[in-house]
Ligand code: GDP
């Protein structure tokens, strides 16, 4: 899956633009600037695929990526899709934009039967913040399975990463839809990427 190139197929501003349900999909969520674009690019080994460092909070779209080489017609569907969700928690975002984000994301989470798991990205320097908690609440409410991925782990020392992993595991322990295992990554140092790829493959296969 990850050995082949991936392509961007569609930006989805509202539910009616979603591709028809087909292959299993996993989605990536996180606060603006958490390192989501960098992680997706590193994961798929393609610089510039997910746009990095956009104006924070601007792209209110679900961006669809699939492995290349499938026509998408008839039975020739890609084996999975990866969905880049719009970043959240940008302090200067106007309320109307926050409301639009919440509606798009909640409609998607509730309505998408082929969504297998959401990977929620958390900055290893900061841990879970209040607006991350709100997103985890949304996921629990929508009963969508999710897994926490720490980003930018190279920015803190290994013992601090371990400490944050333990603290984060404790924070999510009682959440019904949370997958217990956590993954620490660094896009800069290519760390944890194989673990994440494997987790995704198991998720879409299961
Ligand atoms: P997004 O808004 O979540 O898509 O975040 P970006 O991927 O654009 O990254 C935000 C900033 O964090 C950029 O300046 C990146 O260079 C930096 N960054 C992203 N991932 C890493 C990482 O693994 N390590 C380090 N040191 N910096 C990172």
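The values are calculated or read from the model by the stated rules, or taken from the named source; none is laboratory data. Just so it is clear, the model here is predicted, and its values are computed rather than measured. Reconstructed Cβ throughout: ideal geometry from the backbone, glycine too, with neighbour counts over all protein chains shown.
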Selection over region 102-116 where residues are buried (at least 19 other Cβ atoms within 10 Å of the Cβ) and part of a loop (DSSP other than H, G, I, E, B) yields a count of 0
If we ask which residues in region 132-150 are in contact (Cβ under 8 Å) with a residue 40 or more places away in the chain and more than 15 Å from the chain's Cα centre (by Cα), their number turns out to be 0
Considering 74, 89, 127, which residue is in contact with a helix residue (DSSP H, G or I) (Cβ under 7 Å, 6 or more places away or on another chain) and at pLDDT below 90?
89
Filter region 181-199 for residues that are closer than 12 Å to residue 147 by Cβ, in contact with a helix residue (DSSP H, G or I) (Cβ under 8 Å, 6 or more places away or on another chain) and assigned to a helix (DSSP H, G or I) and give the result.
196
Of residues in region 11-56 being over 25 Å from residue 198 (Cα atoms) and not in a loop (DSSP other than H, G, I, E, B), the one nearest to the ligand (Cβ to nearest atom)
11
Would you point out the residue of region 154-180, among those that are in contact with a helix residue (DSSP H, G or I) (Cβ under 8 Å, 6 or more places away or on another chain) and surrounded by fewer than 14 Cβ atoms within 10 Å (Cβ to Cβ), that is farthest from residue 119 (Cα to Cα)?
176
Restricting region 1-10 to residues that are touching a helix residue (DSSP H, G or I) at 6+ places or on another chain (Cβ under 8 Å) and in a loop (DSSP other than H, G, I, E, B), the one farthest from the ligand (Cβ to nearest atom) turns out to be 1
